[in-house]
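Asks: Input: one structure, supplied below.
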Amino acid sequence: MNTATLNTNRFWAYLQLTRPANIITAWADVLAGIAASGFLIVGNPLPVAWLILSTTGLYGGGVVFNDVFDADLDAKERPERPIPSGRSSLRGAVVLGGILLSIGVFAAAQVSWLSFCIACGVAAAALLYDAYGKHHTFFGPLNMGICRGGNLLLGVSILSPMLRENWYLALIPITYIAAITAISQGEVHGGKRSTGVVALILMGMVIAGLLGLGLLNKSYFLAVLPFVILLSWRVLLPFVQAVSQPSAENIRTAVRSGVLSLIVLDATVSCSFAGFSYGLLLLSLLPISIMLAKLFSVT
């Protein structure tokens, strides 16, 4: 193998660590938060660009450190992953993760002090999840949900005063991700039906919450409804399948669908504040994420 091929393979391995398909869903979180804030993107796109860069660094760095902390476990259960396979070094992954998290915090600081504080909180929550939270049955799903909820609030922080009015929106991704994280605990060896039932109940609460959000903004309710139906179809069906037959394969399918459907969730939230067209704009990120999911692992 020549040097150019070796460098290309190594670059591809480090890129795999960042899970590009998932990063697109993080963009959707921020854009949903921006919609909820009422910020006019057309008039001033620079803060939006900074927040997109911030969430790219925060999410990318968080998932890289997830593989760093899981290196020994992956050597046994997922030897094909970049670090245990030797395609990327543990030290290189630590450096990459640190750089990405630093970029995430720095970019948020360019928007406001509040954005900087939220970004620091998201980075800390991600590292806590990677090192400890994911090994805890109850705290793990909540911890990961807080990361996503913070990511949405990062978008709201583009207009700092709106955070006081729209903080409750973080409860939607917190509950949604808690459901996905709970069911994902069985994606290697299969899961417990009771855990799947809890995850399904949480997902049902999310659907109900989105409908309630649409009712709060009645002028947009009919626009919200198609997005809620799409989300229900994409998520509830694989979750029900995973509950009825909690095999590792069914659970991985449910997790994959749930993660990618975060874009549908964010499009629904956005539609409640900015109308159908903005929701459709966010939904256009879904095929990009699905395409990247064919090239890179989602879980």
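The values are calculated or read from the model by the stated rules, or taken from the named source; none is laboratory data. As the structure is a prediction and not an experimental result, all values here were calculated from the model. Positions of Cβ are generated from backbone atoms using ideal geometry, with glycine treated the same way; all protein chains shown enter the neighbour counts. To get the accessible areas, we keep the full protein, side chains included, count just its heavy atoms, and leave off ligands, DNA and RNA. Shrake-Rupley method; radii C 1.70, N 1.55, O 1.52, S 1.80 Å.
Asks: Can Thr181 be described as in contact with a Leu (Cβ under 6 Å, 6 or more places away or on another chain) and among the polar types (S, T, N, Q)? Don't jump to the end; show me each part of the working.
Replies: Numbers: in contact with a Leu (Cβ under 6 Å, 6 or more places away or on another chain): no; among the polar types (S, T, N, Q): yes.
Here the answer is no, as Thr181 does not meet what is asked.
Asks: Over 22 Å from the mean Cα position of the chain (by Cα), open to solvent by 10 Å² or more (accessible area, probe 1.4 Å) and hydrophobic (A, V, I, L, M, F, W, C): does that describe Phe116?
Replies: Considered against the rule, which asks whether it is over 22 Å from the mean Cα position of the chain (by Cα), open to solvent by 10 Å² or more (accessible area, probe 1.4 Å) and hydrophobic (A, V, I, L, M, F, W, C), Phe116 comes out as no.
Asks: Considering each of Leu281, Leu262 in turn, give the residue that is among the aliphatic types (A, V, I, L, M) and open to solvent by 10 Å² or more (accessible area, probe 1.4 Å). Can you show your working first?
Replies: Working: Leu262 fails: open to solvent by 10 Å² or more (accessible area, probe 1.4 Å).
None of the other options fit; the residue is Leu281.
Asks: Name the pairs whose Cβ atoms lie under 6 Å apart, with the first residue in the range 13-32 and closer than 14 Å to Gly61 by Cβ, the second in a helix (DSSP H, G or I) and open to solvent by 20 Å² or more (accessible area, probe 1.4 Å), and 6 or more positions between them or separate chains?
Replies: Within 6 Å, the pairs are Tyr14/Leu96; Pro20/Leu292; Ile23/Thr56; Ile23/Tyr59; Ala26/Tyr59.
Asks: Mind telling me which of the residues Val30, Val42 ends up being open to solvent by 20 Å² or more (accessible area, probe 1.4 Å), of a type in the set (Val, Ile, Thr) and closer than 18 Å to Leu282 by Cα? Talk me through it step by step, then tell me what you get.
Replies: Working: Val30 fails: open to solvent by 20 Å² or more (accessible area, probe 1.4 Å).
Unique residue meeting the criteria: Val42.
Asks: Could you list, in sequence order, all residues of the range 45-62 that are touching a helix residue (DSSP H, G or I) at 6+ places or on another chain (Cβ under 7 Å) and either free of Cβ contacts under 8 Å to residues at least 60 places away in the same chain or not aliphatic (A, V, I, L, M) (or both)?
Replies: Step one: list which residues in the range 45-62 are touching a helix residue (DSSP H, G or I) at 6+ places or on another chain (Cβ under 7 Å), which gives 48, 50-62.
Within the range 45-62, Trp50, Ile52, Leu53, Ser54, Thr55, Thr56, Gly57, Tyr59, Gly60, Gly61, Gly62 qualify.
Asks: I would also like to ask the following. Could you grab the pairs with beta carbons closer than 7 Å, sequence gap of 6+ or different chains, first residue in the range 208-234 and under 17 Å from Leu280 (Cβ atoms), second one outside any helix (DSSP H, G or I) and open to solvent by less than 30 Å² (accessible area, probe 1.4 Å)?
Replies: Tyr220/Gly275; Ala223/Gly275; Leu231/Ser261; Arg234/Ser261
Asks: Further question on the same structure: Look through Phe227, Phe221 and report the one residue that is more than 23 Å from Ala26 (Cβ to Cβ) and of a type outside the set (Ser, Thr, Tyr). Working first, answer last.
Replies: Numbers: Phe227 fails: more than 23 Å from Ala26 (Cβ to Cβ).
On inspection, the qualifying residue turns out to be Phe221.
Asks: Among Ser270, Ser297, Ser289, which is the only one that is of a type in the set (Ser, Thr, Tyr), under 15 Å from the mean Cα position of the chain (by Cα), open to solvent by less than 10 Å² (accessible area, probe 1.4 Å) and over 25 Å from Val198 (Cβ atoms)? Break it down stepwise before answering.
Replies: On the way: Ser270 fails: under 15 Å from the mean Cα position of the chain (by Cα); Ser297 fails: open to solvent by less than 10 Å² (accessible area, probe 1.4 Å).
Residue meeting the stated conditions: Ser289.
Asks: In the range 218-274, what count of residues is obtained for those that are outside any helix (DSSP H, G or I) and not small (Gly, Ala, Ser)?
Replies: Taking the range 218-274 first, the residues outside any helix (DSSP H, G or I) are 245-247, 261.
Cutting the leftovers down to not small (Gly, Ala, Ser) gives us 245-246.
Residues meeting the conditions: 2.
Asks: While we're here: Please indicate, with yes or no, whether at least one residue in the range 150-171 is in contact with a helix residue (DSSP H, G or I) (Cβ under 6 Å, 6 or more places away or on another chain), under 21 Å from Ser257 (Cβ atoms), surrounded by fewer than 23 Cβ atoms within 10 Å (Cβ to Cβ) and in contact (Cβ under 8 Å) with a residue 12 or more places away in the chain.
Replies: No, the conditions are met nowhere in the range 150-171.
Asks: Within the range 157-199, count every residue that is among the hydrophobic types (A, V, I, L, M, F, W, C), at pLDDT 90 or above and over 23 Å from Leu40 (Cβ atoms).
Replies: Narrowing the range 157-199 to residues among the hydrophobic types (A, V, I, L, M, F, W, C): 158-159, 162-163, 167, 169-172, 174, 177-180, 182-183, 188, 197-199.
Checking which are at pLDDT 90 or above leaves us with 158-159, 162-163, 167, 169-172, 174.
Restricting the remaining residues to those that are over 23 Å from Leu40 (Cβ atoms) gives 171-172, 174.
Here the count works out to 3.
Asks: Looking at this structure, is Val224 under 30 Å from Leu15 (Cα atoms), buried (at least 23 other Cβ atoms within 10 Å of the Cβ), modelled with pLDDT of 90 or more and among the aliphatic types (A, V, I, L, M)? Quick ask: steps written out before the conclusion?
Replies: Values: under 30 Å from Leu15 (Cα atoms): no; buried (at least 23 other Cβ atoms within 10 Å of the Cβ): yes; modelled with pLDDT of 90 or more: yes; among the aliphatic types (A, V, I, L, M): yes.
No, not satisfied.
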